[in-house]
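The values are calculated or read from the model by the stated rules, or taken from the named source; none is laboratory data. Treat the numbers as computed from the prediction; the structure is a model and nothing was measured. Please note: Cβ atoms are built from the backbone with ideal geometry, for glycine as well, and neighbour counts cover all protein chains shown. SASA here: full protein model, heavy atoms, side chains in, ligands and nucleic acids out. Shrake-Rupley method; radii C 1.70, N 1.55, O 1.52, S 1.80 Å.
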Amino acid sequence: MRKDSKIYVAGHRGMVGSAIARKLTEAGYTNLLLRTSKELDLRDSSATKAFFETEKPEYIFQAAAKVGGILANNTLRAEFIYDNLQIQNNIIHNAYVNGAEKLLFLGSSCIYPKLAPQPIKEEYLLTGALEPTNEPYAVAKIAGIKMCEAYRDQYGFKAISVMPTNLYGPGDNFDLQSSHVLPALMRKVHEAKEQGSSEFMIWGSGTPMREFLYCEDLADACVFLMESYDGKEIFNIGTGEDCTIRELALAIMETVGYEGELVFDRSKPDGTPRKLLDVSRLAEAGWKAKTSLTDGLSKTYKWFLENEAAA
Ligand code: GFB
């Protein structure tokens, strides 16, 4: 990418897209193309086609998606498959048709089989049944990966795909019904502390294991791969370390400065028992995560306190 290349960051108001836009600006890229979802509904094929025909972006970071935690994925199943298929079909196809130089597609670690061997290697894709709570979302993301591969095979279009693990950081969704576990627990612990409550609620058994990557690190990896990689392989992006949900809750209590009891709501699903990515392919390419969970939690909590109303 030249520093003045026209770079479209789709989804720049979300946690991931905003981190990518910040990273590009820090790295000296000066010609970012940005549209809010109000300005451009990426599910709308005609509007997206017109946007690409007019703007002809050279590089595209495809970070626009309908995302959410286990409950949102499990209940808004139709929206998760329809919105994501529409958005990615419109972006990938119109990027190719309008002569884009390269596109980076963001997938997700939930594309891998529910009971995949751990740590999960990229080649385990499509080797087993998916986790039922997020199957519609995962199927859409798998379609995106395969679309990038197919457009590369048939048309020579430079599309690359990355699979981030569970993400968190500034700009995350802290809504208790639709968010992922980390922001949900941060808000619950914060409110328990504020209200002087002696306990707070954790969904499920607390035993599932998850890997958490700070969104600024993800953005760094995406810019690194856009600048340096052009091949058919997909890349896992993670830290290579995981913890139980109970351990995460304890780490968040430490960050917030709260010492109450953990209560488990076992009527809520656990989801996949473990989801640790094998990140050796990315390590060999020359990239490693920099932010520890402790540092990432502190930075995220600081952001939450400064943006509590919006969060
Ligand atoms: O982050 P999370 O919603 O999604 O939940 P997944 C991870 C684990 O934390 C599950 C537990 O075992 C939840 O039951 N958990 C405990 C909680 N307390 C809470 C809480 O208050 N809120 C939430 N949300 N969880 C998502 C997928 O799976 O991960 C998406 O549904 C996507 O498709 C995303 O892949 C990265 O890690 O289970």
Between Lys121 and residues 5 or more places away or on another chain, the pairs with built amide H atoms under 5 Å apart involve Asp278
Sorted list, accessible surface of protein heavy atoms, 1.4 Å probe, largest first, for Asp217, Asp230 is Asp230, Asp217
Which of Gly14, Gly99, Gly296 fluctuates most in a GNM of the chain (C-alpha springs under 10 Å)? That residue is Gly99
In debye to the nearest 20, the charge dipole size for the stretch 1-138, taken about the Cα centre with +1 at each Lys and Arg Cβ and -1 at each Asp and Glu Cβ, equals 280 debye
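If you place +1 on the Cβ of every Lys and Arg and -1 on the Cβ of every Asp and Glu, how big does the dipole about the Cα centre of the chain come out, in debye to the nearest 20?
Details: 35 positive and 42 negative charges, 121 e Å.
I would put it at about 580 debye.
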Computed over the chain, the relative contact order (Cα-Cα under 8 Å, seq sep at least six) in percent reads 20 percent
Rounded to the nearest 5, the percent of antiparallel DSSP beta bridges in the chain equals 5 percent
Counting only protein heavy atoms and leaving out ligands, DNA and RNA, the solvent-accessible surface of Glu199 at a 1.4 Å probe, in Å² to the nearest 10, equals 100 Å²
If amide H atoms are modeled at 1.01 Å from N in the peptide plane, then the residues at a separation of 5 or more from Ile237, or on another chain, having amide H under 5 Å from its own are Met163, Thr165
HN-Hα couplings for the stretch 100-106 via Karplus (6.51, -1.76, 1.60; θ = phi - 60°), in whole Hz with x for Gly/Pro, come out as 4, 6, 6, 9, 10, 9, 8
Once phi for every residue in the stretch 165-179 is put through the Karplus expression 6.51 cos²θ - 1.76 cosθ + 1.60 (θ = phi - 60°), the whole-Hz ³J(HN,Hα) values, with Gly and Pro written as x, are 6, 4, 10, 7, x, x, x, 5, 8, 9, 6, 5, 7, 9, 7
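With every protein chain kept in the model, how would you rank Lys38, Lys299, Lys275 by accessible area, 1.4 Å probe, largest at the top?
Numbers: Lys38 195, Lys299 105, Lys275 25 Å².
Solvent-accessible surface, decreasing: Lys38, Lys299, Lys275.
Once you charge only the Cβ atoms, +1 for Lys and Arg and -1 for Asp and Glu, what is the size of the charge dipole of the stretch 214-311 about its Cα centre, to the nearest 20 debye?
Computed about the Cα centre, the dipole is about 240 debye.
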Taking alpha-carbon centroids only, the stretch 90-126 lies from the stretch 15-55 a number of Å equal to 19 Å
Heavy-atom accessible area per residue of the chain, all protein chains kept, 1.4 Å probe, expressed in Å², is 43 Å²
Under a 1.4 Å probe, counting only protein heavy atoms, Met1 has an accessible area in Å², nearest 10, of 50 Å²
With all protein chains present and a 1.4 Å probe, the order of Ser292, Ser108, Ser228 from largest accessible area down is Ser228, Ser292, Ser108
In a Gaussian network model of the chain with springs linking alpha carbons closer than 10 Å, the residue among Glu58, Glu131, Glu191 that fluctuates most is Glu191
The answer for Arg274, listing residues at least 5 apart or on another chain whose modeled amide H is closer than 5 Å to its amide H, is Met209
Between the alpha carbon centres of the stretch 238-280 and the stretch 198-234 the gap in Å comes to 14 Å
For Val67 the rounded accessible area (nearest 10 Å², probe 1.4 Å, non-protein molecules ignored) is 90 Å²
Taking the dipole of the chain about the Cα centre (Lys, Arg +1; Asp, Glu -1; charges at Cβ), the one of Trp303, Ser198, Leu225 that reaches farthest to the positive side is Leu225
